[in-house]
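One structure is given here, and the rest of the page talks about it.
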Amino acid sequence: MERRSRSFYALAAFFALFVVFLYGPILTIGILSFQGPQGGLTFPMNGVSLHWFRDLFQEQAVGDIWGSFRRSFALGLMVMVTTVVVSVLGGLAFRKRFEGATVLFYLAIASLVIPSILVSLGVGLIFNQLGLPVHWSSSGFGGQLTWTLPFGLLIMFAVFNRFDKSYEEAACDQGATSWQAFAYVVLPIIAPSLLGVALFGFTLSYDEFARTLLIAGSYNTLPLEIFGMTTNVTTPVIFALGTLTTVFSFCIIGIFFLAAWLMSRRKDKGSDAGKGMV
């Protein structure tokens, strides 16, 4: 067996510290959410129980937890679908070389370098000037798209830049129309990438705070509700909520990975078209 160098162990230690730094806060909140009925917001633990998880399902004196969860989930689905559709259409458009494509590309991703709170403020001002209601499903939806669409477009640009057009050409040579070639050849090949864009769209929306802060209207999304609870709630119920939302997020990621695995198995059993595409 080849002897590992010192640099390997140094890098392994650095990566281990990174994992601890990344998941340490989540683990801390998870542990504290199992405090006993008399437990507080800090260590040491005062017993172990599911008391605060049960308390979540009781009527809360502060906040609208489940209403905000439903709004975040609905908004995440709206943003996810829109991000996937617009990203695919944008990727298809950029396959055709046209004047000004480079400028348009940089404009599309420019919002990533603008402070999120300024984007939120700008979207709110536009809606006010147009006389449109500021609401989580309208202005909040638009504000979050300025965050998710650039990521989706970047992914689809990379996918289509590596896409082998000979598959489409072969389908058209067999008599397929452009839309048939897209639906039956292109779409199945890029489907795993679409799952990635969908996952990005949903998770970025579900966790978004700054771009929604000033444009959610009277009804909070879940991140805004949790932020509001930090100034009013003095029990570990807020940790129990954090643990449940973290578990929900991991479940969503697991569902997407399962879908990608099933699609990969189906492709392996079917046609070998598209092999070599990552």
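The values are calculated or read from the model by the stated rules, or taken from the named source; none is laboratory data. Since this is a predicted model, take the numbers as computed values, not measurements. Glycine gets a Cβ as well: all are built from the backbone with ideal geometry, and neighbour counts include every protein chain shown.
Miscellaneous remarks
- Scanning the range 74-81 for any residue that is surrounded by 15 or more Cβ atoms within 10 Å (Cβ to Cβ) and of a type in the set (Val, Ile, Thr) turns up at least one such residue.
- For beta carbons closer than 9 Å, sequence separation of 6+ or different chains, a first residue in the range 95-119 that is under 20 Å from Arg211 (Cα atoms) and a second that is aliphatic (A, V, I, L, M) and not in a helix (DSSP H, G or I), the qualifying pairs are Pro115/Ala210; Ser116/Ala210; Ser116/Leu213; Ile117/Ala210; Ile117/Leu213; Ile117/Leu214; Val119/Ala210.
- Pairs linking a residue in the range 124-139 that is over 14 Å from Leu224 (Cβ atoms) and among the aliphatic types (A, V, I, L, M) to a residue that is surrounded by 13 or more Cβ atoms within 10 Å (Cβ to Cβ) and at pLDDT 90 or above, with Cβ atoms under 8 Å and 6 or more positions apart or on different chains, are Leu132/Ser138; Leu132/Ser139.
- Any hit, the range 75-82, residues being at pLDDT below 90 and of a type outside the set (A, V, I, L, M): no
- Scoring Leu145 on the criteria (1) of a type in the set (A, V, I, L, M); (2) closer than 13 Å to Leu92 by Cβ; (3) crowded, with 19+ Cβ neighbours inside 10 Å leaves a single failure, condition (2).
- Filter pass, Asp64 being within 30 Å of the chain's Cα centre (by Cα), charged (D, E, K, R), surrounded by 13 or more Cβ atoms within 10 Å (Cβ to Cβ) and under 27 Å from Leu199 (Cα atoms): yes
- Test: Phe53 is free of Cβ contacts under 8 Å to residues at least 24 places away in the same chain, touching a helix residue (DSSP H, G or I) at 6+ places or on another chain (Cβ under 8 Å) and under 29 Å from Phe248 (Cα atoms): no
- Residues in the range 169-187 that are surrounded by fewer than 17 Cβ atoms within 10 Å (Cβ to Cβ) and assigned to a helix (DSSP H, G or I): Glu169, Ala170, Cys172, Asp173, Ser178, Trp179, Gln180, Phe182, Ala183, Tyr184, Leu187.
- Taken across the range 134-142, residues that are crowded, with 17+ Cβ neighbours inside 10 Å, in a helix (DSSP H, G or I) and either over 22 Å from the mean Cα position of the chain (by Cα) or of a type in the set (Val, Ile, Thr) (or both) do not occur at all.
- Within the range 179-212, the set of residues being small (Gly, Ala, Ser) and either at positive phi or out of contact with any Cys (no Cβ under 7 Å at 6 or more places or on another chain) (or both) comprises Ala183, Ala191, Ser193, Gly196, Ala198, Gly201, Ser205, Ala210.
- Residues in the range 201-224 that are surrounded by fewer than 23 Cβ atoms within 10 Å (Cβ to Cβ) and outside any loop (DSSP other than H, G, I, E, B): Thr203, Leu204, Asp207, Pro223, Leu224.
- Within the range 1-114, helices (runs of 4 or more DSSP H) holding 1 or more residues that are among the basic types (Lys, Arg): 6-32, 51-56, 65-93
- Counting the residues of the range 219-237 that are more than 19 Å from the chain's Cα centre (by Cα) and touching a residue at least 60 places away in the same chain (Cβ under 8 Å) gives 9.
- For Ala61, the conditions (1) modelled with pLDDT under 90; (2) among the hydrophobic types (A, V, I, L, M, F, W, C); (3) over 30 Å from Ser139 (Cβ atoms) are fulfilled apart from (3).
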